[in-house]
4 protein chains.
Amino acid sequence: MSTDTVLIEPVAPAGSGTMKALVYHGPGKRAWEDRPKPAIQEPTDAVIRLTTATICGTDLHILKGDVPSVTPGRILGHEGIGIVVNVGNAVTGVHVGDRVLISCITSCGKCDYCKKGMYSHCRAGGWILGNTIDGTQAEFVRIPHADNSLYLVPPGGDEEGLVMLSDILPTGFECGVLNGAVKPGDTVAIVGAGPIGLAVLLTSQFYSPGSVIMIDLDDNRLRVAQGFGATAVINSADGKAVERVMELTGGTGVDVAVEAVGTPATFDICQSILAPGGHLANVGVHGKPAQLRLEKLWDRNITLTTRLVDTVTTPMLLKVVQSGKLQPSKLVTHRFALSDVMKAYDTFGNAAKESALKVILKNQPAR
Amino acid sequence: MSTDTVLIEPVAPAGSGTMKALVYHGPGKRAWEDRPKPAIQEPTDAVIRLTTATICGTDLHILKGDVPSVTPGRILGHEGIGIVVNVGNAVTGVHVGDRVLISCITSCGKCDYCKKGMYSHCRAGGWILGNTIDGTQAEFVRIPHADNSLYLVPPGGDEEGLVMLSDILPTGFECGVLNGAVKPGDTVAIVGAGPIGLAVLLTSQFYSPGSVIMIDLDDNRLRVAQGFGATAVINSADGKAVERVMELTGGTGVDVAVEAVGTPATFDICQSILAPGGHLANVGVHGKPAQLRLEKLWDRNITLTTRLVDTVTTPMLLKVVQSGKLQPSKLVTHRFALSDVMKAYDTFGNAAKESALKVILKNQPAR
Amino acid sequence: MSTDTVLIEPVAPAGSGTMKALVYHGPGKRAWEDRPKPAIQEPTDAVIRLTTATICGTDLHILKGDVPSVTPGRILGHEGIGIVVNVGNAVTGVHVGDRVLISCITSCGKCDYCKKGMYSHCRAGGWILGNTIDGTQAEFVRIPHADNSLYLVPPGGDEEGLVMLSDILPTGFECGVLNGAVKPGDTVAIVGAGPIGLAVLLTSQFYSPGSVIMIDLDDNRLRVAQGFGATAVINSADGKAVERVMELTGGTGVDVAVEAVGTPATFDICQSILAPGGHLANVGVHGKPAQLRLEKLWDRNITLTTRLVDTVTTPMLLKVVQSGKLQPSKLVTHRFALSDVMKAYDTFGNAAKESALKVILKNQPAR
Amino acid sequence: MSTDTVLIEPVAPAGSGTMKALVYHGPGKRAWEDRPKPAIQEPTDAVIRLTTATICGTDLHILKGDVPSVTPGRILGHEGIGIVVNVGNAVTGVHVGDRVLISCITSCGKCDYCKKGMYSHCRAGGWILGNTIDGTQAEFVRIPHADNSLYLVPPGGDEEGLVMLSDILPTGFECGVLNGAVKPGDTVAIVGAGPIGLAVLLTSQFYSPGSVIMIDLDDNRLRVAQGFGATAVINSADGKAVERVMELTGGTGVDVAVEAVGTPATFDICQSILAPGGHLANVGVHGKPAQLRLEKLWDRNITLTTRLVDTVTTPMLLKVVQSGKLQPSKLVTHRFALSDVMKAYDTFGNAAKESALKVILKNQPAR
């Protein structure tokens, strides 16, 4: 153990011994297996013992082999809460024993992009956890640039709800609500009622829109959306979502359309329902181009945005959760022990059938 | 003559007698012919005797038959300066005898869109001049909603320069520079060095960009752009504009890309040269869809905008012209008597061969 | 009756006959008396038959003689809802028979200030109703620039609640909430729990602040504030409001302090509780200077704003009321027939004793 | 020398031996004397060998005893450029041998204030150089949080001009121009034509104001201001500055008033010349309160700001200097060897008599 690190008992020293982790072994292959515990590598690192983690839709994409930056042998996961067990000698903002939220975006805080608030494009970070470095679906994880990439969990904070702040809530809020510029009284449509679309719905309410229309193919998710405050829901299976939105808006269209799926078809719904002056906020991860109807949109004064979440609003979101105005634990439908993560993937991978939104992975305190 | 109007001598009363005008007679056909003088129709109207007008690229599109809202018999033109000869009884902001700038956008100032500053989508106006009502390439023109659609020309104002504020300068400024959010030190690329692209170039300098790269197929226009302050020019004929921009920006791309042509190919250049966090401001009029490379852009934090000019910045532009910081008359390459407008169209219609940018039409003071 | 106006039955034609009105006769003197019915004077005027009106704190100031622009003989009142009974020939946005909300700010929509959204400083309007022209505490009122100064009441709209949109709600929202730049999670303090302070409280919730601290001398009003969502209340009678706020905020101070009283002492509380980077939004009407502690504030990165309400957010507020997110009728504590307006003034003038917030004046439909 | 630092030849190792420095010894007392060379104390530190420094008006205030946080024995100075001679093991953005600009504001980049872009209020920094830790008027200086507090000097960068980016230019730009929200065509007044006021003047031109009125008591400085682009100058010695500004603005007042002196009297000029909707940007350091004329301003829709420079715009300013649009070396009037700093203080301390703006201190490369 290096002299620049600190250790607390009774946890075995990070950097020695092994731990269990969910490891990607190429398309379709994953295992819960032994891996060396992570150690401090840079003076700005911290090592965290996970207490709560979760699975993201992106993890399923990785398992399909759709994310080439993830290579076999990688520990997956970019969301979690845990206890700091070790810090490098340049870390000053978190200390051993602190309970911390892990941001899905690692950021140095000092490069040109970080200085502009674009942590997503940090020269020394960005989305690297469970992607180009080992992630959070494990007993321990090393977090680079710990001071900027971890957030203290407020005393009494509910881990199941707060772990949604690792990724899904800032993603919905920044890419959907802020980029969409939702204003009081606005008419908002959200295409996609999965966990991300629901996170957009929940956080859109910070700005008191007049109505929020939710569009999806899954009636169960639309029912959940109604419970979360959607003022209208549309099942788009009949191909008439655009007509329905135009009817609901008296032929005007919406002020804000949020794309939360990631396909040309759902993008097309969004661009077809925008009122003049409207905002189209893309949240979905796209694998192919879409057609942009510039011949109709060139004179419509629209704004279209894309964004990889920067997590710059995490401090704001923590304050709103603290105030009780946001209950992110609403998104949790299933709970597993971390050691049952293989089963958790099976459930989450059959989300429609299982009526799954977010699945919680709890790590036992002692081992 | 109705009692609610006012008359000045020695001009013959608008509303009686005839005048000369440039009339569209279907695709490819135009004539300089006699038409009745316009009269006040609504209490908010004014009638203007034109002293200076000009021709817009849009007028050429109309003549090709590309703008179906323009029907045969229509007097063309949506740019001009003139003298007020008659006002309705609810007009209070301009008076008979005032010299006024005519905005290409007619706006009531009181509908929901006008209240948001979106004059382009005014419920009772928008772009109607030389489109759905008779326009400015004539000796007289009726301007609805005169108080909101005319601007007093400052004493001593140069008409040749100021007539550029009818359309081209607010278009370049609002759709290109403001929507592109040009900031001091930024790297800007403008695709298209025609009059509109040059208007973007001129007005981008209000915000002190660090460099402005101009891209076009016409070396003459690129030379003009250099004279107007472009820091680099690229002739895109070899299909390597994207590579050249990436070289010039050290592989990063530009902060702002302005599309000032209106084709899928030029749009594609713009989306291919954006730095993360960049803005793509569309100014061009598009006749067909473009492909949007969402598979590359979804995580690039970009903002794409479209806009029909609102002319809400006309008061600001008038102040900047008054201060001497902007010399819009630089854009004028040819001058004709209004009565030679048929010849002026020939010249403007062969812009490349004639090295034409904007052509001025001067109306004789007495008749 | 002029030919350019329209008449509906059974109402007697505006512009002929008399009506009842509350008239100011110099400091301390008011009467409910006969006055000529107002007629259309300009083509942009409308005449409204009041159905609901209310009394503003400013009316009490006028009665004390504190507002020199108001001269004896003036009909008071700048808030109300009613039915259009007559319009000038240039009015196109409202029609005879429409139910309309009267804005306390009259605006032409076309002067330089109106074009900037500063209706409060309209060259031909501003706050003139019940000030320099006759107001709304009457059976009929003439509204200049009707198209821009009236708003259609949505079908089914509750007049008692909507009449709060004439003045108090846009004042609280624009001068307090928007100028204060309230953001999700913010800590807000509002000094003054009268109707205006409570309007700030209600509309601050459009942006989901984390906590709202209400400060006043009247325990009853503080109780009301708690019912309206204040998360903490402070009775400042002991002179320790600043200390209490600093305790509540862990020594940091507030993100937004709203001054809703109009005295040097309450202003001083506001400037003493600001966190670095905080906003001080002045809403109160001040009769004398205040001391600005620049020796403490020069390096605190604060923003201080003043504003006379512009009512540019009235369309937004109407949408939020329609959505059910705002119940402005909560502010109503007393109801009178318009013909009992003298008694209503007695009640409103003893607000503390009467536990009065807003008093409603209802005009009988038939006469 | 610790093992976590790096050394370049032929410079003697920082952290061993002595150097010369300008030391404060209580009110009125300063000396150029031997001091130990600074060493790395934290892993985020760097040590810089100064090549260029300068003196700030604040240094004169310190010498008068006006800044109690500065205690005897302190090395003064918070501006400079130099060569990195040593870095802590967590520093990654600058390397030994790099030429760097030292920001007057030290910032960790990761505390709550830094994350909001308020480096001035950094929990671990802020204005500490030459204040609570030793400063830059010395042969060497230790810079904490080096990655966020130093900026690489572009190749070929002119040190005399660039050293103005340590403090004066970001101060003028952020506190005056950005906080004042200068827009194209605006009328701007700057009260105070010292170095800071002139920095406001220079950087205001990034936004193309229509006119800039400069107000001071010193005709020489006003002449300089005219050379720098002021469109009008007013010597306020006769107490009629307000009247003169109102004449120049046709009775309207200015869009932006910048206070760049720090006295109640100059603040009062600023608040008296604001147009409705105007911005008052305070830049001056104030020692006492000012009277705020709320009885006149409450309904004028004004915005008043204060700010300690955050230096968040330093990257933007570097880009603008690189583009040639800003020549900050214009502000340099005198040059001294660093070893003549005692004489340089004499000159700068008699700025009016010496016609001094900024004095440059050059350190000899070898010793």
With charges only on Cβ, +1 for K and R and -1 for D and E, what is the dipole size of region D:45-203 about its Cα centre, in debye, rounded to 20? 400 debye
For the pairing of chain B with chain C, what total accessible surface becomes buried, with a 1.4 angstrom probe, in square angstrom to the nearest 100? 1100 Å²
Percent RCO, i.e. relative contact order, over region B:105-259, from Cα pairs under 8 Å lying at least 6 residues apart: 17 percent
Distances over 22 Å make up what percent of all Cα-Cα pairs in region A:82-217? 47 percent
Based on the Cβ-Cβ distance of residue B:354 and residue B:252, what FRET efficiency does E = 1/(1 + (r/R0)^6) give at R0 = 56 Å, to the nearest 0.05? 0.90
At 25 °C and 0.890 mPa s, grab the translational diffusion coefficient of region C:1-155 from Stokes-Einstein with a Kirkwood Rh over Cα pairs, rounded to a whole number in µm² per second. 158 µm²/s
Per-selection Kirkwood Rh - region D:140-223 (Cα, Å, 1 d.p.): 14.4 Å
Could you quote the convex hull projected area for region A:41-132, Cα atoms only and averaged over all directions, in nm²? 6.5 nm²
Say R0 is 56 Å: what FRET efficiency, to the nearest 0.05, do residue A:29 and residue C:61 get from their beta-carbon distance? 0.10
Across B:254-262, the residue-averaged tally of Cβ atoms belonging to other chains within 10 Å stands at 1
Which whole-Hz couplings ³J(HN,Hα) result when phi for each residue of region A:139-152 is put into the Karplus expression 6.51 cos²θ - 1.76 cosθ + 1.60, θ = phi - 60°, listed in order with x for Gly and Pro? 6, 9, 8, 8, 10, x, 6, 4, 4, 9, 10, 10, 10, 5
If each DSSP helix of 4+ residues adds -39,500 (n - 2.57) and the sum is divided by the residues in the protein assembly as shown, what number results at 222 nm, nearest 500 deg cm²/dmol? -5500 deg cm²/dmol
Within 10 Å, count the other beta carbons around each residue, average over each peptide in A:284-292, C:29-37, and list them highest first. A:284-292, C:29-37
Anything over 30 Å Cα to Cα? Flag those among B:319/C:288; B:240/B:353; A:330/C:319; C:64/D:240, in the order listed. B:319/C:288; C:64/D:240
Amide H of residue A:124: which non-local residues (sequence gap of 5 or more, or other chain) have their own amide H closer than 5 Å, using H built in the peptide plane? A:108
Here the correct list, in nm and shortest first, of distances from residue B:66 to the same site in the other copies, label points 7 Å along Cα→Cβ, is 3.9, 6.3, 6.4
Point-to-point label distance, residue B:335-residue A:217, nm (Cα→Cβ direction, 7 Å offset): 6.6 nm
Of A:20/D:115; C:183/D:110; B:116/D:183; C:183/D:325, pairs whose Cα-Cα distance is over 25 Å: A:20/D:115; C:183/D:325
Taking the DSSP beta bridges in chain A as the whole, what percent of them are antiparallel, to the nearest 5? 55 percent
FRET efficiency, residue B:243 to residue B:181 (Cβ-Cβ, R0 22 Å, nearest 0.05): 0.30
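Summing +1 for each Lys or Arg and -1 for each Asp or Glu, what net charge is found among the other residues whose Cβ lies under 12 Å from the Cβ of residue B:197? Each step should come with its number before you reach the end.
Working: positive: B:221; negative: B:216, B:218, B:259.
Summing Lys/Arg as +1 and Asp/Glu as -1 gives -2.
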If you build the convex hull over the alpha carbons only and average its shadow over all orientations, what do you get for region A:218-367? Give it in nm² to one decimal. 12.1 nm²
For region C:40-47, in order, what is each residue's ³J(HN,Hα) by Karplus, 6.51 cos²θ - 1.76 cosθ + 1.60 with θ = phi - 60°, in whole Hz (x at glycine and Pro)? 5, 10, 10, x, 9, 7, 9, 10
Could you work out the per residue convex hull volume over the alpha carbons of region B:303-367, in cubic angstrom? 177 Å³
Expressed as cubic angstrom per residue, what is the convex hull volume of the alpha carbon set of region A:53-95? 116 Å³
Built amide H within the under 5 Å cut-off of residue A:233, gap 5+: A:214
Per the Kirkwood treatment, what hydrodynamic radius in Å, one decimal, follows for chain B from the mean inverse distance over all distinct Cα pairs? 21.0 Å
Between residue B:337 and residues 5 or more places away or on another chain, the pairs with built amide H atoms under 5 Å apart involve B:362
Inter-chain shielding of C:116-123 (mean C-beta neighbours from other protein chains, 10 Å cut-off): 4
Counting only other chains, what is the mean number of Cβ atoms within 10 angstrom of the Cβ of each residue in peptide D:107-114? 6
How large, in percent, is the carbon and sulfur part of the accessible surface of chain B at a probe radius of 1.4 Å? 52 percent
Using the Karplus curve 6.51 cos²θ - 1.76 cosθ + 1.60 with θ = phi - 60°, what ³J(HN,Hα) values do you get for each residue of region B:164-169, in whole Hz, with x for Gly and Pro? 5, 7, 5, 8, 5, 6
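Counting DSSP beta bridges in the protein assembly as shown, what percent are antiparallel, to the nearest 5?
Numbers: 136 of 244 bridges.
The antiparallel proportion sits near 55 percent.
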At 7 Å out from Cα toward Cβ: residue D:223 inter-copy label distances (nm, ascending): 4.5, 7.4, 8.5
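For the protein assembly as shown, report the convex hull volume of the alpha-carbon atoms normalised per residue, in Å³, without decimals.
185 Å³
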With a 1.4 Å probe and all protein chains left in place, how much accessible area per residue does the protein assembly as shown have, in Å²? 34 Å²
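The values are calculated or read from the model by the stated rules, or taken from the named source; none is laboratory data. Small disclaimer: the values here were computed from a predicted structure and weren't measured. With ideal geometry, Cβ positions are generated from the backbone for all residues, glycine too; neighbour counts draw on all protein chains shown. These accessible areas exclude ligands, DNA and RNA; they are computed on the full protein's heavy atoms, side chains included. Shrake-Rupley method; radii C 1.70, N 1.55, O 1.52, S 1.80 Å.
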